[in-house]
Amino acid sequence: PITPGELLCLGSSLALSGLFYYLYRKKARVVARIQEAPKLQVDDDLPALVSAAEGRCLPYVALEGIVLPAKAVLTSHYHEGLQGVIQKLLLKEHRLIWNSLARSW
């Protein structure tokens, strides 16, 4: 005979397994889309291509080209000869709505 405690453990184990499998598959689809991203060159045609795209946005593209640092090039402490630059970030804030139940914005 199976006790109610064992049924509860089995049910919660199946529910958690299903949830983690769903999250795994969702992330696997995102990774597949990123790996299939088209590679574009940074050149004079890029602004026209972005303007022609739907919503003026190109989701998941890989840009290839030469970049120049704003101040100084970053050098790696661990790999000799490896250099990089910091990407400037654009932060877009969405409208906040007060949630009185959670008492947060």
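Since every read-out is calculated from the coordinates, none of them should be taken as a lab result. All values reported here derive from a predicted model rather than from experimental measurement. Cβ placement follows ideal geometry from the backbone for every residue including glycine, while neighbour counts extend to all protein chains displayed.
Would you point out which residue out of Ser17, Ser100, Ser51, Ser104 is polar (S, T, N, Q), surrounded by 10 or more Cβ atoms within 10 Å (Cβ to Cβ), out of contact with any Phe, Trp or Tyr (no Cβ under 7 Å at 6 or more places or on another chain) and without any contact (Cβ under 8 Å) to a residue 24 or more places away in the chain?
Details: Ser100 fails: surrounded by 10 or more Cβ atoms within 10 Å (Cβ to Cβ); Ser51 fails: surrounded by 10 or more Cβ atoms within 10 Å (Cβ to Cβ); Ser104 fails: surrounded by 10 or more Cβ atoms within 10 Å (Cβ to Cβ).
On inspection, the qualifying residue turns out to be Ser17.
Quick check on this structure: which one of Tyr60, Tyr78 is surrounded by 10 or more Cβ atoms within 10 Å (Cβ to Cβ) and either in contact (Cβ under 8 Å) with a residue 40 or more places away in the chain or assigned to a loop (DSSP other than H, G, I, E, B) (or both)? Let's see the steps before the verdict.
On the way: Tyr78 fails: surrounded by 10 or more Cβ atoms within 10 Å (Cβ to Cβ).
Only one candidate passes the filter, namely Tyr60.
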